[in-house]
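Q: Sharing a structure, written as structure tokens. Questions coming.
Bear in mind that the values in this text are calculations on the coordinates, not laboratory data. Because the structure is a prediction, the values reported are computed rather than measured. FYI the Cβ positions are ideal-geometry reconstructions off the backbone, even for glycines, and counts take in every protein chain you see.
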Amino acid sequence: MKQLIECVPNFSEGRNMQVIKQITDAIESVEGIKLLNVDPGKGTNRTVVTFVGEPMQVVEAAFRAIKVSGELIDMSKHQGEHPRMGATDVCPLIPIANISMEETVKYAQLLAKRVGEEQKLPVYLYEYAQRDAARKNLSVIRAGEYEGFFQKIKLKEWKPDFGPAVFDAKRGATVIGARDFLVAYNVNLNTTSTRRANSVAFDVREQGRKVKNENGEEVAQPGTCKSVKGIGWFIPEYGVAQVSMNLTNINITPVHIAFDECVKSAHNRGMRVTGSELVGLIPLKAMTDAGKYFLAKQQRSIGVSEEELIRIAVKSMGLDELTPFEPRKRIIEYLLEDEVSSPLINMNLKQFANETASESPAPGGGSIAAYAGALGVSLATMVANLSSHKKGWDERWKEFSEWAERGQKTKDELLKLVDEDTRAFNKIMDAIALPKTTHAEKAMRTAAIQSATKYAIEVPYRVMELGLQSFEVIKAMAETGNPNSVSDAGVGALCARAAVYGAYLNVKINAASYSDKKYTSRKVKKAKEMIDKAKEMERKVLAIVERKIDKQ
């Protein structure tokens, strides 16, 4: 599987878009690199660029970007709110897929060595790439900033890891390393005071502040959020002060917790949080977790769609206060998606029906079975959400929220299988089209057909499992859900049974073409058992539904 590294260099230029464009052009000149995000800030005079690729592609793209930025940016004339020490101020590498941190460290060190030797630029390693514990922290390395580094670099303990021990007046120095995914996040305050913004930052950040104890000695008073770094600053561009934070481990302190802690601190200090700003990209889970958190605070069901969770997160944290927040441009998983990976579920209903009705053999019964299953469990999820918000049932919101969340999860997986079943069919067609002139080609073709056929059995079999699983939610909603929506649970049961039976037909027809008869015999036997269970579950649900309707 392909190894992927993300690189998030910060360049000390946020106002001249021509300079920024030349830097990003250098990055994109490397084949295989995908530029994910460019986020310039006028007040900070700094641009955060995010790109991803295979390790050596990333090293080459970063090398070219550092070279171009050094040629175009004059640090002797630079002014901005953000701490900085070089044209390419910092350049972290982050493991994204199929690569360990240890491997990523080697690539960061390779990049640093090359920049130091070939570009004659002072380079410091940080975070996981730095062996010296005293030099791991970026803020410690950057202390004194550009202006102070002319003397700092002469100190023995601050000799660069690579490159000359002479500070470059035009380019400054750069810091290269390997780190975990970091979220750069700013919270907006209704003040213009940097001092007051700092007071909130000190309340929140892990480092906290220095205070005097009863003996008059300075001691550390930690902040409320671990794995959070923060400072306060004023941004003339927006006319507000911000608490600027780096969340270095969002598993320890998620974005929504950092936001709420800022809200509490600001309120206690007579201020108000008006919104917030994301710098660069954020993982999907961070946004959906935030949506769930704010819904749960309202005692509302968290079993809503991914899109709705993101919308709630954006509105709750005011991520669109300063500029529009576009999920497709800010959430890393969306940017990494193959745009053609899910053509069917991205169609509207009319397009999907027309595509199914066309002369093309796919999408066929397998995709339709998966979609029927998705619709069935969606109806049950709707009943759960309606029930969680039903007047007089306030104390039961969590019960129904949990059912709705289960339903959403099953629905999402079934939707993915709509396209996956068509892909499985296409894999068989591709295998059949392979050359068969020589014995070797024939053997390879036969093996490819058999491999594709097995996959074409596994996909509808999974649809059967999920369709059967969805009956748990459907039956629960028929029994305990909003009685006004009991007919919806009944329709959901019909769809779920159709999904299980429809997928079974695809399992059976593909099993006939697979050579391992022990495997197919076992698979078909289990599939038949699922059919019987689905029929029984449908009968039970419909009996409940009709009985309740008859009583109305």
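Q: Could you name the lysines whose alpha carbon sits less than 19 Å from that of Lys427, not counting residues in the same chain fewer than 8 places away?
A: Cross-link targets: Lys416, Lys436, Lys442, Lys454, Lys508.
Q: In 10 Å bins starting at 0, how do the alpha-carbon pair distances of the chain split up by percent?
A: 4, 14, 20, 20, 17, 14, 8, 2, 0, 0
Q: Right, here's the next one. At a 10 Å Cβ-Cβ cut-off, how would you order Met477, Met245, fewest neighbours first?
A: Ordered from fewest to most neighbouring Cβ atoms within 10 Å, Met477, Met245 come out as Met245, Met477.
Q: What Kirkwood Rh does segment 183-336 have if only Cα atoms enter the pairwise 1/r average? Answer in Å.
A: Final number for the Kirkwood radius of segment 183-336 is 16.0 Å.
Q: Follow-up. Counting alpha carbon pairs within less than 8 Å and at least 6 residues apart, what relative contact order, in whole percent, applies to the chain?
A: Worked out over the chain, it gives 10 percent.
Q: Per-residue HN-Hα couplings for segment 109-119, Karplus 6.51 cos²θ - 1.76 cosθ + 1.60 at θ = phi - 60°, whole Hz, x for Gly and Pro?
A: Here the 3J(HN,Hα) series is 5, 4, 4, 4, 4, 5, 5, x, 7, 8, 9 Hz.
Q: Also, quick follow-up: Could you list which residues have their amide H under 5 Å from that of Glu13, counting only those 5 or more apart in sequence or on another chain, with H placed in the peptide plane?
A: Those qualifying (amide H under 5 Å, at least 5 residues apart or on another chain) are Arg46, Thr47.
Q: Then there's this: Which of rounded, prolate or oblate describes segment 334-463 when judged by the alpha-carbon gyration tensor and an a/c cut-off of 1.5?
A: Prolate.
Q: On to the next question. I'd like the trypsin sites (Lys or Arg not before Pro) in segment 136-221 restricted to DSSP loop residues with at most 14 other Cβ atoms within 10 Å, sorted by number.
A: Lys154, Lys170
Q: Now for a different question. Taking H placed 1.01 Å from N in the peptide plane, check which residues at least 5 places from Val175 or on another chain put their amide H under 5 Å from its amide H.
A: For Val175, whose amide H was placed from the backbone, the distant partners under 5 Å are Val90, Cys91, Tyr124.
Q: If you place +1 on the Cβ of every Lys and Arg, -1 on the Cβ of every Asp and Glu, and leave all else neutral, what size is the dipole of segment 183-336 about its Cα centre, to the nearest 20 Debye?
A: 220
Q: In whole Hz, with x marking every Gly and Pro, tabulate ³J(HN,Hα) for segment 279-294 from phi via Karplus 6.51 cos²θ - 1.76 cosθ + 1.60, θ = phi - 60°.
A: Per-residue couplings from phi come out as 10, x, 10, 9, x, 4, 4, 4, 6, 5, 4, 5, x, 5, 4, 6 Hz.
Q: Mind ordering 457-464, 186-193 by average Cβ neighbours within 10 Å, highest first?
A: 457-464, 186-193
Q: How do Glu399, Glu307 rank when sorted from fewest to most other Cβ atoms within 10 Å of their own Cβ?
A: Glu307, Glu399
Q: Right, another one. In whole percent, what relative contact order does segment 384-541 give with Cα contacts below 8 Å and a gap of six or more residues?
A: Result for segment 384-541 is 24 percent.
Q: Sticking with this one: Whole angstrom only: what separates the Cα centroid of segment 418-453 from the Cα centroid of segment 199-227?
A: 64
Q: So if I take the centroid of the Cα atoms in segment 1-71 and the same for segment 228-261, what is the distance between those two points in Å?
A: Their Cα centres are 23 Å away from one another.
Q: Pull out a ≥ b ≥ c, the square roots of the eigenvalues of the alpha-carbon gyration tensor of segment 1-128, then state rounded if a/c is under 1.5, prolate if not and a/b is larger than b/c, and oblate in the remaining case.
A: prolate
Q: Determine the distance separating the Cα centre of segment 108-163 from the Cα centre of segment 313-335; give it in Å without decimals.
A: Segment 108-163 and segment 313-335 have Cα centres spaced 34 Å from each other.
Q: Ordered by residue, what ³J(HN,Hα) values in Hz, to whole numbers, does segment 120-134 give under the Karplus form 6.51 cos²θ - 1.76 cosθ + 1.60, where θ = phi - 60° and Gly and Pro are x?
A: Whole-Hz 3J(HN,Hα) from phi for segment 120-134: 6, 10, x, 10, 10, 8, 9, 6, 5, 7, 9, 7, 7, 4, 6.
Q: Quick check on the chain: helices-only [θ] at 222 nm, where DSSP H runs of length 4 and up contribute -39,500 (n - 2.57) each and the sum goes over total residues. Nearest 500, please.
A: Using -39500 (n - 2.57) per qualifying helix, the result is -18000 deg cm²/dmol.
Q: Long-range amide H contacts for Arg84: which residues qualify at under 5 Å (H placed 1.01 Å from N, peptide plane, sequence gap of 5 or more or a different chain)?
A: Result for Arg84 returns Tyr146.
Q: Considering the dipole of segment 437-552 built from charges on the beta carbon (Lys and Arg +1, Asp and Glu -1) around the Cα centre, which of Ile549, Ala443, Val507 is farthest to its positive end?
A: Value computed over the given set: Ala443.
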